[in-house]
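**Student:** A single structure is presented below for examination.
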Amino acid sequence: MDDLASLIAGFQVALSWHNIGFMAVGVILGIIVGVLPGLGGPNGVAILLPLTFGMDPTSAIILLSSIYWGALFGGAITSILFNIPGEAWSVATTFDGYPMAVQGKAAEALTAAFTASFIGALSGVVLITFVAPLVAQFALRFGPAEFFAVFLLTFCSFIGMGRENRAKIIASLCIGFLLAAVGLDSISGDLRMTFGSTELMRGFDFLIVVIGLFGVSEILLTVEEGLVFKGKQAKIDLMVVLRTWAGLPRYWATLLRSAIVGMWMGVTPGGAIAASFMGYGLAKRFSKRGKNFGKGEIEGVLAPETAAHAAGTSALLPMLALGIPGSATAAVLLGGLLVWGLQPGPMLFVEQKDFVWGLIASMYLGNLAGLVIVLATVPLFAAIMRIPFSFVAPVILIVCAIGAYTISNSIFDIWLMLIFGVVGYVFKKLDYPLAPLILALVLGDRAEDAFRQALLGSGGSLGIFWANGLVATLVVLALLLLCWGPAGDAIAALRGRSRQDPETAEATR
Amino acid sequence: MSNTGEAETPEPGISRRPVEIATALLLIGLAGVVLYDSHGRGAGWDGGPQNGFFPARVGWIFLAASLFILWQSFRRPDGIFVTYEQLRQVVRVLGPLVLFVALIQPLGLYVASAIFIVAFMAVVGTSRWWSIGLTALIVPVVCFWIFELQFRVPLPKGPLEAMLGY
């Protein structure tokens, strides 16, 4: 049990006062980020990333991953109290959470949501603890061809499992790849697609794109609906918490099912959003009280929250073990690792043991801290939503601009952020998914390098991707995942209820 | 989301199809630029994959996907992309934001933020003048304290900061 010893050593790293402080700050910032419209997990992390460049990598990643946990918790607050999903993955939480708040059971709903989040996240962390080292060890055998096959698997599962229009997912992925290709080519040293512009020589930094696509565009979408939020009050006291907890064991089957769905969807990059809908859908189908879903059923809060958080947490597994993030926020964290000079992937588990296990230990502690903090401070964060938006919006936008500028001290980047903000606004309105774009942008260079190295090795023959059992399995799996969605659609169409489920889900948004 | 426009009472607005088509055409144009650039630099094999090799292949897939989106956009039932009322709200935010970014170069970020806050809150018009003034003063000062003094991150500064000796 070498890993257990490493984990305990990791706890010692994470349990220093210094790091616990960062954890608490991170969680609180994360909740704020999750509650405020226009600031989400990905761009909250992106804005703060430049400030951590000077820090010790372990502390920095603890701070940033705690923001991630906080954002996961924070999304539930606005969903339940305001019927406004702070994050896309908490959309499903509004279905039953808000009706509960209307019935005056907001405290129960919040307690249930936070506890479910915690359970989901914990199952994700346990998965990481035990599976990530194995995956990493296995991946040590990978050559460029295998790595490219894993990248292919990631992108194909995005296309196959995505809920959006598939052509738009593909277009989104391609845009990401092409943005990544702009600028200096790392292999040949040539400039690509700069068209003589010196500003484009640096290429597109994914942090700028994230801040624009997720931050600025979110503000623009939010103001469409007017500038005032109306919400329900909530005060959580210990009795309510205990009473809700006492009722939870009854729903063990729902919790377990959602946790498994979430872990699966998180590792394969289906993402937390799809997982939360799946968790909700499955609970509705299997629950005895399925008919009451949508009218304020506590199970309808537990199911999507558990799944979303299990997915959000498990998304870090492929990021750590393979260097392939399972979600947009994980992609930003991965970008951070690269900035600190840590190459994510199998070698990380060998060369940076302290870092990896410190991070994993901090996941346990961060989620625990998150649960306690969020339960204690809900009224405070609900109050944030009552600050007039005409005050909050400019502050968020100024912070976004500062974040964009600090990445490489360039005012041009602020303009880029603005442009991507408008692009993101249009894309969101037209249902182009943004997460694949970010993922492809972060992974683009490495996927391309792997592809070119593999082809160099084989002298240009595509046969390298069939050369051995491992790579062939991965490629076949990728193609299967790619066809999964279209095949499922075709079967559903034959049964004559084509695309009914996605549309009802859309209509309730 | 596509059917929210039809479900509600029809409000006047920009319909979805032209935006969908324009976006698809833009993407097709982008794919064209990528293909032109990549094939121009060489997307073939020259003792190894040339530097346009990978982008060119992505470019072709991109072109195919965008053409498909264009074709789809004609087949989908039309809806409302954005109502004029919503668009008005968006412009009220976007206008001051563009002004803000444009002012960062000449005036520095802090002064630009103050002007941005005043412009934004005045345009939105729900706040009293004294709260606007106070916000416009406090937010840049707090930003200055956090970034300049605490984190020592240099942000763009203009004549005012120079006058104060920073």
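**Student:** Filtering the stretch B:40-65 down to residues that are part of a helix (DSSP H, G or I) and small (Gly, Ala, Ser), which residue is nearest to the other protein chains (Cβ to nearest Cβ)?
**Tutor:** If we take residues in the stretch B:40-65 being part of a helix (DSSP H, G or I) and small (Gly, Ala, Ser), then B:65 is nearest to the other protein chains (Cβ to nearest Cβ).
**Student:** Turning to a different aspect of this structure: Restricting the search to the stretch B:106-118, which residues are surrounded by 12 or more Cβ atoms within 10 Å (Cβ to Cβ) and more than 9 Å from chain A (Cβ to nearest Cβ)?
**Tutor:** Within the stretch B:106-118, B:107, B:108, B:110, B:111, B:114, B:115, B:118 qualify.
**Student:** Here is a follow-up. Taking helices (runs of 4 or more DSSP H) that fall entirely within the stretch A:253-350, which contain at least 3 residues that are among the small types (Gly, Ala, Ser)?
**Tutor:** By residue number, A:271-286, A:298-314, A:328-339.
**Student:** Right, another one. Hey, could you check the stretch A:174-226 for residues that are acidic (Asp, Glu) and in a loop (DSSP other than H, G, I, E, B) and say which is nearest to residue A:41 (Cα to Cα)?
**Tutor:** A:205
**Student:** Could you go through the stretch A:160-172 and let me know if any residue there is more than 10 Å from every other protein chain (Cβ to nearest Cβ) and either in a helix (DSSP H, G or I) or at positive phi (or both).
**Tutor:** yes
**Student:** Among the residues in the stretch B:149-157, are any among the charged types (D, E, K, R), modelled with pLDDT of 85 or more and within 28 Å of the chain's Cα centre (by Cα)?
**Tutor:** Yes: the stretch B:149-157 contains one or more residues that are among the charged types (D, E, K, R), modelled with pLDDT of 85 or more and within 28 Å of the chain's Cα centre (by Cα).
**Student:** Shifting gears a bit: Given the residues A:72, A:39, which is the only one that is in a loop (DSSP other than H, G, I, E, B) and under 14 Å from the mean Cα position of the chain (by Cα)?
**Tutor:** A:39
**Student:** Kindly indicate the residue of the stretch A:13-30 that is without any contact (Cβ under 8 Å) to a residue 40 or more places away in the chain and part of a helix (DSSP H, G or I) and also farthest from residue A:369 (Cα to Cα) among those meeting that condition.
**Tutor:** Checked the stretch A:13-30; the qualifying residue farthest from residue A:369 (Cα to Cα) is A:17.
**Student:** Can you find a residue that is in contact with a Gly (Cβ under 6 Å, 6 or more places away or on another chain), under 30 Å from residue A:108 (Cβ atoms) and at pLDDT 85 or above anywhere in the stretch A:347-357?
**Tutor:** Looking for residues that are in contact with a Gly (Cβ under 6 Å, 6 or more places away or on another chain), under 30 Å from residue A:108 (Cβ atoms) and at pLDDT 85 or above, one finds none in the stretch A:347-357, hence no.
**Student:** Evaluate the stretch B:89-96: report whether one residue or more is within 7 Å of chain A (Cβ to nearest Cβ), farther than 22 Å from residue B:159 by Cβ and part of a loop (DSSP other than H, G, I, E, B).
**Tutor:** no
**Student:** Find all pairs meeting these conditions: Cβ atoms under 6 angstrom apart; at least six residues apart or on different chains; first residue within the stretch A:320-336 and closer than 18 Å to residue A:30 by Cβ and without any contact (Cβ under 8 Å) to a residue 24 or more places away in the chain; second residue surrounded by fewer than 24 Cβ atoms within 10 Å (Cβ to Cβ) and hydroxyl-bearing (Ser, Thr, Tyr).
**Tutor:** So the pair list comes out empty.
**Student:** On the basis of being under 23 Å from residue A:415 (Cβ atoms) and in a helix (DSSP H, G or I), does residue B:144 make the cut?
**Tutor:** So residue B:144 fits the description; yes.
The values are calculated or read from the model by the stated rules, or taken from the named source; none is laboratory data. These figures come from a predicted structure and were not determined experimentally. Here the Cβ is made from the backbone with ideal geometry for all residues, glycine too, and neighbour counts use every protein chain on show.
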